[in-house]
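Read-outs throughout are calculated quantities, based only on the coordinates presented, and are distinct from any laboratory measurement. Not measured: the values here are computed from a predicted model. Here the Cβ positions follow ideal geometry from the backbone for every residue, glycine too, while neighbour counts run over all protein chains shown.
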Amino acid sequence: VGFYRLVAKKDSDNFRSSAISSLIAMLKDKFENILLYEPFLASKTFEGIQVIQSLPEFIEKSELIIANRVDSELENVSFKVFSRDIFKKL
């Protein structure tokens, strides 16, 4: 399972109170391999989860992608993206 970005707003670098953080906390004990794509996070891990800063690598390694907000850079893998974003469709 891959989590696409921690931020809720496009072009933001504010990770505080992110809804995705709560979801990560709930799922990290249930899934063996959880990844996070966050290009603005300098650390290699976030709450014990591997951080990947390369989008192609993240997409390749993720069977399912959970996105707080949908972005056009996920368009070519929309079949494996799950999002609560009701405003943008892939």
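Between residue 80 and residue 43, residue separation times 0.36 nm minus the direct Cα-Cα distance comes to 10.7 nm. Paramagnetic label reach from residue 33 (point 7 Å along Cα→Cβ; backbone nitrogen cut-off under 20 Å): within region 40-67, residues 44-67.
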